[in-house]
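Working notes, structure below.
The values are calculated or read from the model by the stated rules, or taken from the named source; none is laboratory data. Since this is a predicted model, take the numbers as computed values, not measurements. Using ideal geometry, Cβ is built from the backbone for each residue, glycine included, and neighbour counts are taken over all protein chains shown. Quick note on the areas: whole protein, heavy atoms, side chains included, nothing else; ligands and nucleic acids left out. Shrake-Rupley method; radii C 1.70, N 1.55, O 1.52, S 1.80 Å.
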Amino acid sequence: MNLKTTHLLLLLSLGVGVPKTLAKESESIKEPNLNEANHKLVHLDQKVVGSIIELKKMLPDYNWSATFKNMCHDAENGGNVGLHEQVTHVIDECLLSIENQDNESLISIKNNLQIYKEILQSGDAFVQFADIASGQAQIKSLLKKLCVTRCGGLSCCPIKRGPKGATGATGATGATGPSGGPTGVTGATGATGVTGATGITGVTGITGATGATGPSGGPTGVTGATGATGVTGATGITGVTGITGSTGATGTSGGVMAFADFFATMPPDNAATVAVGAAVQFPRDGATNFSSVTRTGPTTFNLANVGAYLVIWQVSVNEPGQLGIAFNGTLVADTVVGRATGTTQIVGSQIITTSAPNTVLSIMNPPGNSTALTITPLAGGASAVAASLSIIQLA
């Protein structure tokens with residue numbers, strides 16, 4: 001087989017257009033243009049071949065085109081070249097099939113196909129034939145890979161095999177075997193059998209429920225007349241005086257049960273600002289009945305008994321701000337008082353109840369505020385001013 005014939009078979013198998021004069025007579029075959037083949041054949045690298053085969057396995061129900069199926073079949077049989085137009089079509093079809101997929105394996109395949117598509121578009125995937133002599137050997141190798149899965153290498157591969165033998169004659173159809181004999185006559189109906197013996201008497205059924213009670217007797221008779229009052233009996237003997245009962249427990253005293261007063265003088269107390277979420281200091285002790293209201297620190301005071309307490313406080317501050325009662329470091333929301341502008345004091349008065357013994361009380365700059373509070377020294381004159389806190393147990 002000469003080089004002209006090899007090029008002609010290559011162009012025919014790859015779908016390259018061939019003039020009618022070339023198809024009629026081999027004597028009129030022109031020298032093929034290898035540059036045309038360079039712009040028709042492309043090489044598929046190992047990653048792309050593996051991605052196409054794997055995608056067919058992962059998406060078996062996808063409506064693949066015949067071009068995809070043929071190229072996948074070639075790839076499974078060792079093929080790694082194809083027409084540029086067909087390879088471009090298959091790569092685009094593969095990318096479309098996984099466009100909206102988020103499977104990790106499909107993402108890896110998508111990356112391989114996109115990289116190869118860029119190589120296709122740049123022209124780096126085209127098969128190059130350096131010269132006529134080396135081109136002939138390369139064409140034979142490529143033809144073998146392209147055509148072996150389509151025609152077995154008989155008619156289009158450069159290495160010819162022997163001619164295909166003639167198809168043998170079809171054998172004669174065998175005669176149909178005889179069918180079975182005719183259907184037999186239906187037999188006569190048999191005689192009626194003897195009546196069976198009477199069965200055993202069944203078990204007696206369960207007794208029925210008791211019927212409803214019948215109506216009562218006649219109407220109630222008329223009430224008789226009241227009898228005359230009897231004679232008053234003699235007065236009985238006076239009974240023995242009973243034993244005196246034990247004295248009951250002493251009741252709760254009315255009014256104030258306990259009280260204590262605490263205060264600060266500025267200066268020198270509260271020299272630092274009161275931060276947001278921190279408490280005002282009342283480090284000095286005022287009047288007290290030495291009861292259940294006691295100090296635990298400059299800002300904290302223990303309420304030993306469960307009960308109701310009247311809490312009154314007043315503090316002079318420089319800034320607009322707020323103060324409220326806190327139990328065990330947590331602000332009691334409905335006790336917050338404040339001022340928006342001006343230089344007046346922040347004054348609060350609230351009756352509160354405790355639910356557990358030894359509840360710790362403080363007067364707090366509420367969390368969430370933006371401003372630390374400056375406790376005003378010498379407010380309104382030259383004398384130190386007091387901030388006070390009074391706690392009175394009512395019940």
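Computed values, structure above
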quantity	calculated
Relative packing of peptides 346-357, 295-306 - highest average C-beta neighbours within 10 Å first	295-306, 346-357
Gained length - Leu394 relative to Val231, 0.36 nm times residue gap less alpha-carbon distance	52.5 nm
Peptides 282-290, 87-95 ordered by average Cβ neighbours within 10 Å, highest first	87-95, 282-290
Residue pairs, from the table Lys57/Lys117; Lys40/Lys69; Lys47/Lys117, whose Cα atoms sit over 18 Å apart	Lys57/Lys117; Lys40/Lys69
Sparse-neighbourhood loop sites, chymotrypsin sites (Phe, Trp or Tyr not before Pro) in region 59-129 - DSSP loop, at most 16 other Cβ within 10 angstrom	Tyr62
Where Ser65, Ser122 fall by accessible area, highest first, once all protein chains stay in place (1.4 Å)	Ser122, Ser65
